[in-house]
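The values are calculated or read from the model by the stated rules, or taken from the named source; none is laboratory data. Fair warning: this is a prediction, and the values are worked out from it, not measured in the lab. Because the Cβ atoms are built from the backbone with ideal geometry, glycine has one as well, and the counts that use them run over all protein chains shown. In case anyone asks, the SASA skips ligands and DNA or RNA and just uses the protein heavy atoms, side chains included. Shrake-Rupley method; radii C 1.70, N 1.55, O 1.52, S 1.80 Å.
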Amino acid sequence: TMSAQTTSETPFFVRRADPDDVDTICAMFDHTFGDEVALDSFASFHNIDMQLLKAQKTKQKFFVSLIETCFMSVTVEDEDSNIVGFAALDDCPIQMLQHADAGTMWEDWFRSVYDEPGVSGTSALWFSCCLSEAEPGVVGEILRATFSTMHDLQHLLAFVPAGLTEDDASLLLQPFESHFVELEPVADPLLDETHWAGSPDATRASVLTCRRSKVITPLRIRMARVEDHDNLAAVFDAQSEVVTEIYGEYFIAELIEAQNDENKALVAEVDGRAVGLMCLTSDVDTNVLSQCFQLDPYDNLLKPEYMKRVRDYASAVFAGQTDASLCCLGDYMQVALASIDLPALLDAVPHQEEGGRFTAVQLHGQLQLQEFTDEVGEAVQDFEHRMMTLLWQSNFLERRHEADTLIEPEGVLECVRIFMSLDANERRGIAAAVLDRWDDVQEVFRATREAAAAQLQAEAEAEEGAEQESDVAVETVVFLKALSTDQDGPFTMDFLVKLLMALHWWANEDISGPVSSVPDDGFRSALERLSTSEEGLFVEHPNSPTWLSNLPHHAKDVFCVNMCCLDQAFQTQALDFLLPAFSLYPDKDYCIITQPHTASNTPLLNAFTIVPPQPQNTFGHVLYLIHRASLLGPPVVRALVQPDLDALPSLTNNFDDDMQNDIFAVCEGFLTHHEKSVSVGSASEQAKELSVFVAEFDEQVVGLIVLELPPPDTVSTLRCCYHLDDYLLVEHHENGSNKGHTRLVHYVINPLFQKFTRRVLQAAMRALGRT
């Protein structure tokens with residue numbers, strides 16, 4: 001059912017047309033085109049035989065055929081349920097469909113005449129027929145209902161054949177006068193009368209257009225303000241007083257006031273008045289959702305680079321790799337330190353009398369009392385010893401702390417602050433900075449090594465009979481000190497502290513004390529590992545119900561609509577919220593909504609895809625999902641070409657080997673027969689019977705459609721076996737140009753574009769000339 005707001009005084013109701021409406025439609029047609037001249041004008045305009053419109057039976061068959069085969073047909077009723085309007089909309093001009101051998105791909109002709117790149121088979125429909133009583137507003141109501149029902153529809157077009165007289169134009173174009181304008185051609189290609197848009201004289205055809213923005217003004221979407229409360233409260237109360245009773249009179253103002261980096265609120269505004277509210281949050285429990293819904297095709301709502309690492313980890317675990325991990329020791333230490341209230345811990349350490357300091361052994365004892373979760377505790381065994389190592393690293397030119405060494409609490413806090421600042425980006429930046437100055441580092445390493453060798457030589461000479469070692473070890477502390485600006489090196493001491501920590505905790509280099517030595521490559525390989533290292537991810541066993549529960553917030557690729565309310569008059573424009581919503585979360589690609597199973601469908605939910613539940617689902621709601629790419633419109637359907645074969649594995653890798661091989665063989669067979677047909681100038685029987693199309697979005701293949709012409713007796717057999725006549729009027733799909741049946745052999749679509757299935761199949765069948 002379709003409906004739309006009307007601006008005329010008489011209320012109208014728009015609904016899908018039904019074959020039972022045909023008698024009333026014929027009566028309305030006879031009222032307008034009753035005489036011979038008008039009948040001839042209508043037939044010429046629509047490129048049909050006038051004899052079809054003279055006899056009542058054939059006329060009824062013509063209109064029933066429009067209702068049955070057009071993409072969408074609607075009737076308009078007045079308040080007394082009288083039909084006062086009818087329109088049939090299709091994906092191809094009726095004049096082209098009625099022209100033998102013209103095909104259905106009108107875009108080639110259109111682009112040669114008009115500079116309208118936004119008009120295509122995915123964004124436009126053509127009027128095949130439009131009948132209206134003299135009531136004002138009937139056509140406007142058809143336009144509003146059509147645009148409201150199809151959010152992707154941007155243009156409604158009407159083809160005007162060449163050679164139309166003024167009298168014919170005033171009669172046939174009357175429904176289009178108020179809302180349509182003629183497109184301005186940029187070229188005038190010579191078309192003879194054999195072309196479907198051609199003319200025997202010098203006149204040319206034209207196209208009338210009605211743009212969506214002329215019928216439905218987009219809502220103005222902006223950030224919500226507290227002063228919107230009164231307007232929004234009226235909208236909420238009109239739909240449910242329960243909300244205010246449960247959450248309080250000023251809950252809307254409280255929601256708006258509570259906005260932060262995670263929680264946002266958008267308002268839809270019309271004529272300066274707030275008419276709708278959408279509340280959003282990026283605080284989404286992806287672990288619970290992945291346990292309850294089949295989200296693996298959507299990367300479990302994680303960013304692709306993170307999900308790839310999680311999948312690799314899961315594969316390693318299932319392959320029996322007991323040491324598989326996505327974390328380094330430094331990651332575990334950071335988690336352990338983040339779980340400690342360090343100021344409170346330091347306050348609990350018994351202090352010495354002077355200046356609030358305490359001894360190393362006292363701090364060591366307090367650190368021994370800390371407890372962590374199983375995974376972290378196992379990774380950071382001897383936490384107190386590791387912590388003492390960290391304290392030395394923050395001041396590596398000094399000796400390691402002895403038992404009675406006095407420690408300043410501020411020094412401990414500063415050490416931990418530096419260590420906690422070493423996230424993945426910081427570590428990569430440190431490694432890159434050192435590698436960028438590698439020539440200077442090598443020079444310092446060479447000089448330090450020569451100095452160490454000279455010292456060993458002197459010691460060997462001082463001790464008679466001692467042999468000098470061939471490999472000279474350079475102490476890490478000596479090397480780092482030589483790299484400091486205090487020794488005319490390239491780096492500051494603060495930078496070198498971070499470098500030492502990064503090498504020890506994340507590059508598996510043992511620098512736990514002053515006597516550690518520099519490897520022969522001067523830490524080059526360790527720095528290269530650091531420069532490409534990734535953030536630590538705390539992922540549990542893939543079979544654990546909490547395996548994704550500890551992933552960081554920035555690894556998630558989703559935000560959620562947790563409240564949406566829109567004035568009833570603008571419900572069909574709810575999708576206007578989505579682009580601004582995605583702009584508030586530029587690093588998120590998915591938007592989700594959860595609704596109870598009993599919730600009624602809405603225009604907003606129609607744009608979303610329902611995610612199937614897991615067999616063990618315990619979630620009480622339905623999960624709806626949409627990807628930001630799908631807001632840009634449906635994919636473009638075209639015939640398969642040779643380079644597309646490389647993209648097929650990514651579409652079919654979830655199928656078994658036999659199915660993948662079958663699909664690939666069908667595609668290769670289609671290309672082979674198609675190439676032969678081109679070379680010989682006519683299509684072979686195999687090429688006529690089998691057609692393969694791909695759906696393309698942003699130069700990527702996101703779908704595959706394989707269609708086959710069935711044997712002539714197939715439909716008759718099916719009518720005998722099934723109640724097929726309950727679903728279609730078979731005779732209207734046969735015995736005509738650009739009509740007929742086809743069999744869907746294979747259909748694969750990227751789940752992000754699953755909601756466009758109807759449009760994708762429609763485009764493939766139009767290209768094939770089947771209804």
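Before moving on, here are some points about what is shown:
- Expressed as a whole percent, the accessible surface of the chain that belongs to carbon and sulfur atoms is 48, based on a 1.4 Å probe.
- The length gained on full extension between residue 195 and residue 645, counted as 0.36 nm times the residue separation minus their Cα-Cα distance, comes to 158.5 nm.
- Per-peptide packing, taken as the mean over residues of other Cβ atoms within 10 Å, places 665-674, 574-583 in the sequence 574-583, 665-674 from highest down.
- Neighbour-limited loop hits for chymotrypsin sites (Phe, Trp or Tyr not before Pro), the stretch 691-758 (at most 16 other Cβ within 10 Å; DSSP other than H, G, I, E, B): 722, 727
- With the simple model of a label 7 Å out from the Cα in the direction of the Cβ, residue 178 to residue 601 spans 3.1 nm.
- Note that the stretch 488-495 has calculated 3J(HN,Hα) couplings of 6, x, x, 10, 6, 5, 4, 5 Hz, one per residue in order, obtained from phi through the Karplus relation 6.51 cos²θ - 1.76 cosθ + 1.60 (θ = phi - 60°); glycine and proline are x.
- 18 Å cut-off, amide nitrogen to a point 7 angstrom out along residue 378 Cα→Cβ, residues in the stretch 320-344: 320-336
- Here residue 303 is the anchor, and the aspartates and glutamates within straight C-alpha reach of less than 12 Å, apart from those fewer than 8 places off in the same chain, are 557, 587, 589.
- Sequentially through the stretch 522-534, phi angles give Karplus couplings (6.51, -1.76, 1.60; θ = phi - 60°) of x, 6, 4, 5, 5, 5, 5, 5, 5, 5, 10, 5, 10 Hz, Gly and Pro residues having no value and appearing as x.
- For the stretch 388-447 versus the stretch 524-542, the spacing of their alpha-carbon centroids is 19 Å.
- Extended-chain gain in nm, criterion 0.36 nm per residue less alpha-carbon gap, residue 618 and residue 473: 46.1 nm
- Cβ-derived FRET efficiency at R0 22 Å, residue 30 paired with residue 78, nearest 0.05: 0.70
- Across the stretch 208-354, Cα-Cα distances exceeding 26 Å account for 61% of all pairs.
- Summarising the amide proton neighbourhood of residue 702: residues at separation of 5 or more, or on other chains, whose placed amide H is nearer than 5 Å comprise 695, 696, 697.
- Rounded to the nearest Hz, the phi-derived 3J(HN,Hα) couplings of the stretch 758-771 under the Karplus curve 6.51 cos²θ - 1.76 cosθ + 1.60 (θ = phi - 60°) are 4, 5, 5, 5, 4, 5, 5, 5, 5, 4, 7, x, 10, 10, where x marks glycine and proline.
- Of all lysines in the structure, those lying under 22 Å Cα to Cα from residue 739, and not within fewer than 8 positions of it along the same chain, are 57, 59, 61, 688.
- The translational diffusion coefficient of the chain, from Stokes-Einstein at 10 °C and 1.306 mPa s with a Kirkwood hydrodynamic radius over alpha carbon pairs, comes to 49 µm²/s.
- Rg followed by Dmax, in Å, when the stretch 297-409 is reduced to its Cα trace: 19.0, 63
- Length available on full extension from residue 312 to residue 404: 0.36 nm per residue minus the Cα-Cα distance, which gives 28.4 nm.
- Accessible surface, 1.4 Å probe, highest first, among residues 602, 389: 602, 389
- Using alpha carbons only: equivalent-ellipsoid semi-axes of the stretch 1-124, gyration tensor based, whole Å: 26, 22, 13
- For the stretch 51-110 versus the stretch 594-634, the gap between their alpha-carbon centres in whole angstrom: 34 Å
- Pairwise Cα inverse-distance average, inverted: Kirkwood Rh of the stretch 608-669 (Å): 15.1 Å
- Rg ratio for the stretch 537-634: its Cα radius of gyration over 2.2 N^0.38 Å, N being its residue count, equals 1.24.
- Calculated P(r) of the stretch 91-155 - Cα pairs past 13 Å, %: 71 percent
- Here residue 563 and residue 15 are evaluated by their C-beta separation; at R0 = 25 Å the FRET efficiency comes out at 0.20.
- For the stretch 472-521, the solvent-accessible area of protein heavy atoms averages 43 Å² per residue (probe radius 1.4 Å; ligands and nucleic acids excluded).
- FRET efficiency, residue 543 to residue 488 (Cβ-Cβ, R0 45 Å, nearest 0.05): 0.20
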